Structure formats: structure tokens, C-alpha cells
Amino acid sequence: MAHYFDAEPITESVKKTVDYRVNGMNFSFVTDTNTFSRSGVDKGTDLMITTVIDDIKARGAHKGERLLDLGCGWGVVGITMKKVFMTFDVTQTDVNSRAVKLSKENAELNRVKIDFQVAGDVCEGIPADKKFDIVMTNPPVRAGKKTVFAFYDQAYEHMDQGATIYVVLQRKQGAPSSEKKLTELFGNCETIAISGGYHIMKSVKE
């Protein structure tokens, strides 16, 4: 059975274009088979994007902040964040090679320069010394808890002191266990938004 977290999708490619609007900006994205939420931006990702934009604006964005879109899919998180915060240095990574190709195509389509895009399992494609100030992820719950927790562990290793990770999960998909894991790993975890069963969790590396 084909999954959006397959490294090399073999399902026939059938591309489609979807529209998205956030922060008063219009975007168009090309999606494809064997990619996450190919019919459009899912509710959880939308909630994470809008919540994180508001959270960053509230504390004040800083020029050159480094953002990791972990498990980027076809690129909506990193591309919209770069458009809103143009001075950010954005990295996108996903195990799915088809998704990464789409994220590159979508960056060009939306006239956004993403600084680093790579296909790799969790953070394996990211240089060991590359650190981030912000990590955003909608982890692949269907891949299992072990993979989801690997997202947190490996993100932690790539985060500078004071860096923040934002995670979106539905309660029924394991938000409570992720909250416990994030608290153990970071020493803190705050749920900063809840809507339609989706929880936006925030941890800071102190």
C-alpha cells in the first residue's frame, strides 16, 4: 500500500493545483499522488501556520531567523512562512522525494526562495552543524509513534538554545503522548491553540 511517507513513491503521478490564503496573501500549490493532503491544506497545518505567524509577530520576528519545515510535504509551511517573514532562512526536508520536488516547484510558483531543500529520513539530509531557531512540524502519525518521536529527538539536536518547536496533532492521533514526550525532552510544553480536535504544542529549548 502506498503512503505519503514512502521515500520513492511508485504510484502514477497525477498532479493538481490547489489554492490557499493566509495572512492576507494568496498562494497556489501543485500537489500529487502519494503526498500528504494532496487535495489541499489540511485543517491542522492551517491552524499551525496561522498560530505560529501570530506567535512570532507577538514576540517580534528577527532578521535571519532559521526555520526548519520538518516533513515539508509539498511545501506549504516553509513557503508561506518565508513569504510572511522574508528575511528568514528556511529549510525544508521530507523523506518523500516526490514531495521535495513539489516543494521546489511550489517555491518557484509562489516566487519564494527557500534556502535549503532536501529529501531524507527525518533530519538525515541536514548537515550535522546546521542549527535552527524555529522548527515546525505536522509529524507523520501513520508512520507510527517511533517515527513521530524521532522527529522530536532529531529536531532537538538541530535546535539552538532558545529555539522553539511547534507541533500539530489531533488529540485522537496522540497529542497527549507527544505532549509528554516533548515535556520530557525540552522540560516544557505548552498547548497554545486548540481547534477542531487539533492541538498546537510549543516547546522551547532552554
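The values are calculated or read from the model by the stated rules, or taken from the named source; none is laboratory data. Nothing here was measured: the structure is a model prediction, and the numbers come from that model. Every residue, glycine as well, gets a Cβ built from its backbone with ideal geometry; the counts of neighbours run over all protein chains shown. All accessible areas refer to the heavy atoms of the entire protein, side chains included, with ligands and DNA or RNA removed. Shrake-Rupley method; radii C 1.70, N 1.55, O 1.52, S 1.80 Å.
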Taking only segment 180-194 into account, find how many residues are touching a strand residue (DSSP E or B) at 6+ places or on another chain (Cβ under 6 Å) and open to solvent by less than 70 Å² (accessible area, probe 1.4 Å). 7
Looking at segment 84-133, which of its residues are under 17 Å from Lys63 (Cβ atoms), acidic (Asp, Glu) and outside any loop (DSSP other than H, G, I, E, B)? Asp89, Asp133
Pairs returned, first residue in segment 48-60 that is within 13 Å of Asn23 (Cα to Cα), second residue that is open to solvent by less than 40 Å² (accessible area, probe 1.4 Å) and part of a helix (DSSP H, G or I), beta-carbon separation under 7 angstrom, 6 or more apart or interchain, are Ile49/Val77; Ile49/Thr80; Ile53/Val84
Looking only at segment 85-99, which residues are open to solvent by 10 Å² or more (accessible area, probe 1.4 Å) and within 10 Å of Gln117 (Cα to Cα)? Asp94
Among the residues of segment 136-154, which ones are without any contact (Cβ under 8 Å) to a residue 60 or more places away in the chain and either buried (at least 16 other Cβ atoms within 10 Å of the Cβ) or aliphatic (A, V, I, L, M) (or both)? Val141, Val148, Phe149, Ala150, Tyr152, Gln154
Residue that is nearest to Phe36 (Cα to Cα) [pool: residues in segment 105-135 that are of a type outside the set (Asp, Glu) and surrounded by fewer than 15 Cβ atoms within 10 Å (Cβ to Cβ)]: Gly120
When only residues in segment 31-84 that are surrounded by fewer than 24 Cβ atoms within 10 Å (Cβ to Cβ), within 19 Å of Thr164 (Cβ to Cβ) and of a type in the set (Gly, Ala, Ser) count, which is nearest to the chain's Cα centre (by Cα)? Gly44
In this structure, is Ile79 touching a Lys or Arg at 6+ places or on another chain (Cβ under 7 Å) and under 19 Å from Thr31 (Cβ atoms)? no
Out of everything in segment 32-47 that is assigned to a loop (DSSP other than H, G, I, E, B) and of a type in the set (Asp, Glu), what residue ends up being nearest to Arg21 (Cα to Cα)? Asp42
Flag if Lys202 is in contact with an Asp or Glu (Cβ under 6 Å, 6 or more places away or on another chain) and either closer than 15 Å to Asp55 by Cβ or at pLDDT 95 or above (or both): yes
Within segment 134-174, can you find the residues that are in contact with a Cys (Cβ under 7 Å, 6 or more places away or on another chain) and assigned to a loop (DSSP other than H, G, I, E, B)? His158
